[in-house]
1. Looking at region 31-58, which of its residues are part of a loop (DSSP other than H, G, I, E, B), open to solvent by less than 30 Å² (accessible area, probe 1.4 Å) and among the hydrophobic types (A, V, I, L, M, F, W, C)?
2. Pick out the one residue from Glu85, Glu59, Glu44 that is within 19 Å of Asp31 (Cβ to Cβ) and without any contact (Cβ under 8 Å) to a residue 12 or more places away in the chain.
3. When only residues in region 12-30 that are open to solvent by less than 100 Å² (accessible area, probe 1.4 Å) and within 18 Å of the chain's Cα centre (by Cα) count, which is farthest from Leu84 (Cα to Cα)?
4. For Glu9, are the conditions met, namely being at pLDDT 90 or above, open to solvent by 50 Å² or more (accessible area, probe 1.4 Å) and more than 15 Å from the chain's Cα centre (by Cα)?
5. Filter region 75-93 for residues that are buried (at least 17 other Cβ atoms within 10 Å of the Cβ), in a loop (DSSP other than H, G, I, E, B) and not aromatic (Phe, Trp, Tyr) and give the result.
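The values are calculated or read from the model by the stated rules, or taken from the named source; none is laboratory data. A quick note: this is a predicted structure, and the numbers were derived from the prediction, not measured. For neighbour counting, all protein chains shown are included, and Cβ atoms are generated from backbone atoms with ideal geometry for every residue, glycine included. Surface areas here come from the heavy atoms of the whole protein model, side chains and all, with no ligands, DNA or RNA. Shrake-Rupley method; radii C 1.70, N 1.55, O 1.52, S 1.80 Å.
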Amino acid sequence: MREPDASPEAERRRAASYPSPRPFGWYHLLDTDALRPGQVARVEALGTTLAVFRTRAGEARVLEARCPHLGADLAAGRVVEDCLECPFHGWRLPGDGSAARVPYAERPPHVGARA
């Protein structure tokens, strides 16, 4: 016997009862001593490729390894002024959802947090 179609509210409650596909919490990406200040590492985790980098001051940051501009591999970039610089067009991404510098723009765009 077929069940009657659920109301939108019942469907919302049912969907909210499902567990998240990604558990909430911290994820080990790599050991802290594996990344020196100014270094970039490529890490495969959570079904995506991440660019993990350490600022010159030693702060660890993580971005999706795909440049928001044209999709270049950010893990092939370098750390410049505490930002990860895209190897193709020089966009500098500090890892907070912004672009700190775009070589040909007076005001860099907001690019959104990716990772």
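1. Leu35
2. Working: Glu85 fails: within 19 Å of Asp31 (Cβ to Cβ); Glu59 fails: without any contact (Cβ under 8 Å) to a residue 12 or more places away in the chain.
That would be Glu44, the only listed residue that is within 19 Å of Asp31 (Cβ to Cβ) and without any contact (Cβ under 8 Å) to a residue 12 or more places away in the chain.
3. Restricting to residues being open to solvent by less than 100 Å² (accessible area, probe 1.4 Å) and within 18 Å of the chain's Cα centre (by Cα), the top hit is Pro23.
4. Criteria not met by Glu9.
5. Selection gives Gly77, Asp82, Cys86.
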